[in-house]
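Heads up: the structure comes next, in structure tokens.
The values are calculated or read from the model by the stated rules, or taken from the named source; none is laboratory data. Everything numeric in this text was worked out from a predicted model, so none of it was measured. Every residue, glycine as well, gets a Cβ built from its backbone with ideal geometry; the counts of neighbours run over all protein chains shown.
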Amino acid sequence: MGVWYRPVGDEVSVFERSFSQRLPVLLKGPTGCGKTRFVEFMAERLSRPLITVACNDETSAADLVGRWLVRGGDTVWQDGPATRAVKQGALLYLDEVAEAREDVVVLLHPLTDHRRRLFLDRNDEVLDAPEGFMVVASFNPGYRRGLKELKPSTRQRFVSLQFGYPPEDVEVEVLHGETGLDVKQAKRLVAWATKVRGQDSLALAETVSTRLLVMAARLMSAGLPPRVACGAALVQPLTDDVATARALQDLVDMSF
Ligand SMILES: Nc1ncnc2c1ncn2[C@@H]1O[C@H](COP(=O)(O)OP(=O)(O)OP(=O)(O)O)[C@@H](O)[C@H]1O
Ligand SMILES: [Mg+2]
């Protein structure tokens, strides 16, 4: 109990009003910027169960809705996560929804617009979603560039919140609150991140996430010297290129 989340902007009130108005929410943003933590926090705040599906390119409508299974000599129906979420009035969190197969979109449309209905293959059954049910999805635009996008007809069914790395003072609070690292050291980590984020010439696939900083902060608060902690938790996860790693480590050495 007690998921900790430090709000960055209006995301809590937007989410709460969306929930009360029965609107689905899409969280956009790069890896490690707090999307999952935020959903966990909101589920607890709204007292709803949370059912998460990590979507990949093989995720199909049947994976979400359920399927007939052969058990012994019988065929039995097994509910999938979307069906369970509708029945329980839960938050259904579809992580990386753009990765999923095309038929997932067909299922999502009637579930996310005013109909709030889930169509089951089984005997043409239809489930009406109860009040507590809500679809939340996440999407990392530009990730694996050009491979998968969300169709406008899907996008325009969702209230959307943009996530990113927070302002410096908020990120310092996140590091301190999450790991207990003292504020002075947390400020140094964030100052390093700000420098790196400002340097396009480093050509990183994805820039420094809050998650990475939390990882470094954990190692530091567990007693590792900052340079060692940052090398292992920041520099190496960010790049395999020797010259780039050297440049990142130099910035660490300057900061600590
Ligand atoms: N606003 C915040 N409040 C508290 N913790 C945060 C916040 N933002 C980020 N974090 C920290 O960053 C970590 C990573 O966040 P999270 O797992 O929610 O990222 P994500 O956006 O879901 O990433 P991915 O797209 O890779 O799934 C969390 O475990 C938490 O420690
Ligand atoms: Mg996540």
Whether any residue in the stretch 181-196 is in contact with a Leu (Cβ under 6 Å, 6 or more places away or on another chain), of a type outside the set (D, E, K, R), part of a helix (DSSP H, G or I) and farther than 18 Å from residue 170 by Cα is what I want to check.
no
Within the stretch 9-53, count every residue that is within 26 Å of residue 115 (Cβ to Cβ) and either touching a helix residue (DSSP H, G or I) at 6+ places or on another chain (Cβ under 6 Å) or in contact (Cβ under 8 Å) with a residue 40 or more places away in the chain (or both).
21
Please indicate, with yes or no, whether at least one residue in the stretch 21-42 is acidic (Asp, Glu), more than 23 Å from residue 150 (Cα to Cα) and away from ligand 2 (no atom under 13 Å from the Cβ).
no
Conditions (1) farther than 23 Å from residue 151 by Cα; (2) free of Cβ contacts under 8 Å to residues at least 60 places away in the same chain; (3) surrounded by 15 or more Cβ atoms within 10 Å (Cβ to Cβ); number of the one not met by residue 76:
(3)
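If you check 112, 179, 194, 210, which single one turns out to be in the same structural domain as residue 30 (by TED's automatic domain parsing), hydroxyl-bearing (Ser, Thr, Tyr) and either within 19 Å of residue 233 (Cα to Cα) or buried (at least 19 other Cβ atoms within 10 Å of the Cβ) (or both)? Steps first, please.
Values: 179 fails: in the same structural domain as residue 30 (by TED's automatic domain parsing); 194 fails: in the same structural domain as residue 30 (by TED's automatic domain parsing); 210 fails: in the same structural domain as residue 30 (by TED's automatic domain parsing).
Of 112, 179, 194, 210, the one residue that is in the same structural domain as residue 30 (by TED's automatic domain parsing), hydroxyl-bearing (Ser, Thr, Tyr) and either within 19 Å of residue 233 (Cα to Cα) or buried (at least 19 other Cβ atoms within 10 Å of the Cβ) (or both) is 112.
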Does residue 235 satisfy the condition of being within 15 Å of ligand 1 (Cβ to nearest atom), part of a helix (DSSP H, G or I), buried (at least 16 other Cβ atoms within 10 Å of the Cβ) and among the aliphatic types (A, V, I, L, M)?
no
Residue 18 passes all but one of (1) assigned to a helix (DSSP H, G or I); (2) among the hydroxyl-bearing types (Ser, Thr, Tyr); (3) farther than 15 Å from residue 93 by Cα; which number fails?
(3)
State whether one or more residues within the stretch 80-99 are over 21 Å from residue 117 (Cα atoms), in the same structural domain as residue 152 (by TED's automatic domain parsing) and more than 16 Å from ligand 2 (Cβ to nearest atom).
no
Restricting attention to the stretch 27-47, does a residue exist that is over 17 Å from the mean Cα position of the chain (by Cα), in the same structural domain as residue 135 (by TED's automatic domain parsing), within 29 Å of residue 209 (Cβ to Cβ) and away from ligand 1 (no atom under 13 Å from the Cβ)?
yes
